[in-house]
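The values are calculated or read from the model by the stated rules, or taken from the named source; none is laboratory data. These figures come from a predicted structure and were not determined experimentally. Neighbour counts are summed over all protein chains in view; Cβ atoms, including those assigned to glycine, are modelled from backbone coordinates with ideal geometry.
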Amino acid sequence: MEKILIINGKVVNPEEKSGQLDILIEGGTVKSIADAGSISYTVTGDAEDIKVIDASGCIVSPGFVDVHTHFRDPGQTHKEDIFTGAEAAKRGGYTSIVLMANTIPAVDNIETLEYVLERGRQTGINIYSCTNVTLGMQGKELVDMASLKEAGAAGFTDDGRPLMDAELVKKAMEISASLGMILSFHEEDPAYIKNNGINHGKASEHFGIYGSDREAEISMIRRDIELALETGAEIDIQHISTAEGVELVRKARKKSAKIHAEATPHHFSLTEDAAIKYGTLAKMNPPLRTEADRLAIAEGLRDGTIEMIATDHAPHSAEEKAKAVTEAPSGIIGLETMLPLAMMNLVESGTLSMEQFVERASCGPAKVYGLDAGVIKEGAKADICIFDPKEKWTAGDYRSKSTNSPFTGQEMRGKVKWTICGGKIVFAD
């Protein structure tokens, strides 16, 4: 039976005990958590050898949980597939991933959902998947939510496309509320967008286009919060990008704990200046906006308005990203750079404590989506990330199949050293 002993690390574990603790893993679960140096062991040289990980200088946290990821499988596996995506996740410290459903074909049926989940079971980490809200992501007819829940859906989303029919959204919320499931929303009203992925402002002026006005997001967040409060639905406002959007969520959460929001590493790290500098490599939906918006998102993470850091890992080929800014697809990869971006832009800045960061990256999203994840606890499955918050490295040489990131070549601070899932080491630096 495989045994792992983690020694000399600082355990940051928001849901349970933290501190200078040693952790013994046996049979896939956490067998013991004890004061540093109090777990005795011997290395015998036989088949029962214990693997000792010296985590000196490192943080030992629950494995990270990402509830907003694109692995492009089925249909666009030249960009990513479930196996390469999982390898990128492991390198990023992730042990649980929730996939989006905008694949080809879309995950609007049990057969496609089962295909995704079966491949996920072969990766060595926990792969979940949302299914669509509407058939074919057409925004016209609801999927059979009850049967998809029964088949293992983690939630419902048409991410990548906004749902414009308010009555249809209300009906979806009523059904999802009755099922105890979460709906996640891509909030961009196309009426305010002429060129997606670029902020209407300094960036759009630079490119000589109109871009995407902030009201595209604000108006949709306002509508969906009102509908959620009316129906009692649990909702996730995805990849929030505006200060006004953050404030709408803040006020709504005082009325209902069922209103949730995510922030991406790129939205709390970059502004529209990055779009000007990096072009299509910094084009995403919703777009990077102003410094005031970036700071509002960071503050939302600090005060708990935004409970989840979600990467919106969105692989695209180099050929696609080489197109003109008005033609290239939106999105960047993010699983392998989340940790250092959070360390540099949230923790080192004093915006978040280390415990707040770990909470937003692990147990926060796990609780919102009802996943068995986000905690180091005796008797619980051993899903753990060990990272050095200060180690420097250069972004690049990705495990993802795609390389579309504005951070490539930049010095990062904060590096995952080991990822353990189900008591097995799935990544070691």
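Residue-wise test of (1) modelled with pLDDT of 95 or more; (2) under 15 Å from His70 (Cα atoms); (3) surrounded by fewer than 21 Cβ atoms within 10 Å (Cβ to Cβ).
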| position | (1), (2), (3) |
| --- | --- |
| Leu117 | yes, yes, yes |
| Arg121 | yes, no, yes |
| Ile127 | yes, yes, no |
| Asn132 | yes, yes, no |
| Leu135 | yes, no, yes |
| Gly152 | yes, no, yes |
| Leu163 | yes, no, no |
| Glu167 | yes, no, yes |
- Query: Listed residues Glu378, Glu319; which is among the charged types (D, E, K, R), out of contact with any helix residue (DSSP H, G or I) (no Cβ under 9 Å at 6 or more places or on another chain) and in a helix (DSSP H, G or I)?
  - Reply: Glu319
- Of the listed residues (Ile333, Ile306), the one being part of a loop (DSSP other than H, G, I, E, B), in contact with a helix residue (DSSP H, G or I) (Cβ under 6 Å, 6 or more places away or on another chain), on the phi < 0 side of the Ramachandran plot and of a type in the set (A, V, I, L, M) is Ile306
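Is it the case that Arg222 is part of a helix (DSSP H, G or I), closer than 23 Å to Arg289 by Cα and free of Cβ contacts under 8 Å to residues at least 40 places away in the same chain?
Criteria met by Arg222.
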- Message: For the list (1) under 17 Å from the mean Cα position of the chain (by Cα); (2) in a loop (DSSP other than H, G, I, E, B), I need the number of the one condition that Ser362 fails.
- Response: (2)
- Would you check if there is a residue in the range 345-358 being touching a helix residue (DSSP H, G or I) at 6+ places or on another chain (Cβ under 8 Å) and acidic (Asp, Glu)? no
- Kindly check whether there is at least one residue in the range 348-358 that is in a helix (DSSP H, G or I), more than 17 Å from Gly92 (Cα to Cα), assigned by TED's automatic domain parsing to the domain that holds Ala261 and not aliphatic (A, V, I, L, M). yes
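For the range 54-155, which fully contained strands (runs of 3 or more DSSP E) count at least 2 residues that are over 30 Å from Tyr41 (Cα atoms) and in the same structural domain as Pro315 (by TED's automatic domain parsing)?
On the way: elements: 59-62, 64-69, 94-99, 126-129.
In the range 54-155, the matching strands (runs of 3 or more DSSP E) lie at 64-69, 94-99, 126-129.
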- Item | Index of the failed condition, Gln20 passing every other in (1) under 26 Å from the mean Cα position of the chain (by Cα); (2) under 27 Å from Pro340 (Cα atoms); (3) modelled with pLDDT of 95 or more | (1)
- When Ala382 is run through (1) closer than 24 Å to His70 by Cα; (2) buried (at least 24 other Cβ atoms within 10 Å of the Cβ); (3) out of contact with any Cys (no Cβ under 6 Å at 6 or more places or on another chain); (4) of a type outside the set (Phe, Trp, Tyr), the failure sits at (1)
- Taking only pairs six or more apart or across chains, which ones have beta-carbon atoms under 7 Å, a first residue in the range 404-421 that is within 18 Å of Ala322 (Cβ to Cβ), and a second residue that is assigned to a strand (DSSP E or B)? Gly409/Thr394
- Within the range 2-44, how many residues are exposed (fewer than 14 other Cβ atoms within 10 Å of the Cβ), of a type outside the set (Gly, Ala, Ser) and either assigned by TED's automatic domain parsing to the domain that holds Ser362 or under 24 Å from Met354 (Cα atoms) (or both)? 3
